[in-house]
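The values are calculated or read from the model by the stated rules, or taken from the named source; none is laboratory data. Just so we're clear, the structure is a prediction, and the values are computed from it rather than from any experiment. Virtual Cβ from ideal backbone geometry, glycine too; neighbours counted across all protein chains shown.
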Amino acid sequence: MTGPNVVADLLIHNALVVATVDDQRRELSGGWVAITDGIITGVGSSLDIKPDAREVLDATDCLVTPGLVNTHHHMYQNLTRANPLMTDKPLFGWLQSLYPLWRAIDEEAVYVSAYIALAELALSGCTTSSDHLYLHPHGAGDLLSAEIRAAQDLGMRSTQRVVQCLFRKKTVVCHLMMLSATTMKFWRSVSKRCISITIAHSVQWCV
């Protein structure tokens with residue numbers, strides 16, 4: 001928390017309004033927000049004493065809000081979003097055009113696509129994103145960790161959803177869930193900003 005002897009890392013001040021979106025739905029005129037170690041440590045209005053800070057950002061005439069949350073994404077699709085093979089096709093034609101390309105994704109491709117997607121979200125005011133990463137080609141590597149590293153490098157909060165779309169055998173799902181559980185356990189031990197969960201997404205079984 002802020003106090004007379006606490007120096008924040010960043011102080012955003014002079015905002016037209018700070019919309020706290022707290023339980024009281026307070027809107028603080030001339031407000032400020034103090035941040036330390038990536039965590040909001042204080043908010044106040046023009047009537048409250050501001051803490052000292054190592055960096056100060058003037059938010060004159062700006063509305064300051066909590067970061068937006070993106071609840072559904074497929075970040076790897078950034079790699080092919082302008083591919084001419086699919087730009088004029090309906091959904092299933094679009095998928096049929098791109099799945100042959102997507103089966104070649106690897107850790108580098110997932111890292112780059114996640115980094116770009118998260119950077120674009122951050123520029124639009126989004127600080128937390130959920131991603132449905134349902135492609136895990138054989139031999140592609142640890143795609144979950146690649147995506148989490150991108151979020152870590154950008155300082156974004158993220159949720160990775162391990163989703164299954166199309167499998168020939170139920171044992172494949174079990175194996176993938178075991179691998180994802182191992183990855184989740186590791187990243188939860190080193191980061192509070194990244195959460196991985198396993199969730200079904202249009203599951204289909206092939207005969």
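So here's what we get for this one:
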quantity: Among the candidates 111, 76, 99, 115, residue that is touching a Ser or Thr at 6+ places or on another chain (Cβ under 8 Å), closer than 26 Å to residue 147 by Cα and assigned by TED's automatic domain parsing to the domain that holds residue 155; calculated: 76
quantity: Residue match in the range 34-43 (condition: more than 24 Å from the chain's Cα centre (by Cα) and among the small types (Gly, Ala, Ser)); calculated: no
quantity: Qualifying position, being modelled with pLDDT under 90, more than 18 Å from the chain's Cα centre (by Cα) and charged (D, E, K, R), among 106, 88; calculated: 88
quantity: Enumerated helices (runs of 4 or more DSSP H) restricted to the range 81-162, each holding at least 3 residues that are free of Cβ contacts under 8 Å to residues at least 12 places away in the same chain; calculated: 91-102
